[in-house]
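**Student:** Below are the structure tokens for one structure; questions will follow.
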Amino acid sequence: MATVSIKRALALLCVPLLALGFSACAGQSSNDYKGENHAVAEAIANLQTYATANEPQKICSEVLASTVTARLDAEPGGCKQALKDQISQVDTLTLTVQEVQSHGPTTASAGVKSTYSGKSKFTTITLVKEKGAWKISKL
């Protein structure tokens, strides 16, 4: 039973993250933002870059918050393998960044509209600032 819930949690985390990575980013670019909001948008852009380049290790080490990578590293194969498996399953996906908001010096969020298999969904991605860099912490 615990294995099923862990796999479900992993899928719930990875699929939306990879939705960002394989998107044709049709919304605002990171250059449309200033200051910390620009840095937040850049973190999402980095996810897209690394996922498109099939670099799950860079996603784990440079894009995801330490709490997320710790959870994924607890699974067989670790974070890199979990993302590699998810990347191989993603087909066509689009994403529109709708907004970026800073919520103080160490937390922010980005609202995105993603489309997968013809269905649109609005998702809020939460980011935290770790060692001076914005990292994705929650969907």
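**Student:** When you scan segment 43-65, how many residues do you find that are assigned to a helix (DSSP H, G or I), of a type in the set (G, A, S) and over 13 Å from A82 (Cα atoms)?
**Tutor:** Final tally of qualifying residues: 3.
**Student:** Restricted to segment 80-91, and to residues that are out of contact with any Leu (no Cβ under 7 Å at 6 or more places or on another chain) and of a type in the set (S, T, N, Q), which residue is surrounded by the most Cβ atoms within 10 Å (Cβ to Cβ)?
**Tutor:** Going through the qualifying residues, I end up with Q81.
Residue-by-condition table, conditions (1) out of contact with any Leu (no Cβ under 7 Å at 6 or more places or on another chain); (2) among the charged types (D, E, K, R); (3) without any contact (Cβ under 8 Å) to a residue 60 or more places away in the chain:
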| site | (1), (2), (3) |
| --- | --- |
| Y33 | yes, no, no |
| V40 | no, no, no |
| A43 | no, no, no |
| N46 | yes, no, yes |
| A53 | yes, no, yes |
| G78 | no, no, yes |
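**Student:** Out of segment 58-117, which residues are farther than 24 Å from K131 by Cβ, at pLDDT 90 or above and among the small types (G, A, S)?
**Tutor:** G77, G111
The values are calculated or read from the model by the stated rules, or taken from the named source; none is laboratory data. As the structure is a computational prediction, the values presented were derived from the model and not from experiment. As a convention, Cβ positions derive from the backbone with ideal geometry for all residues, glycine included, and neighbour counts pool all protein chains shown.
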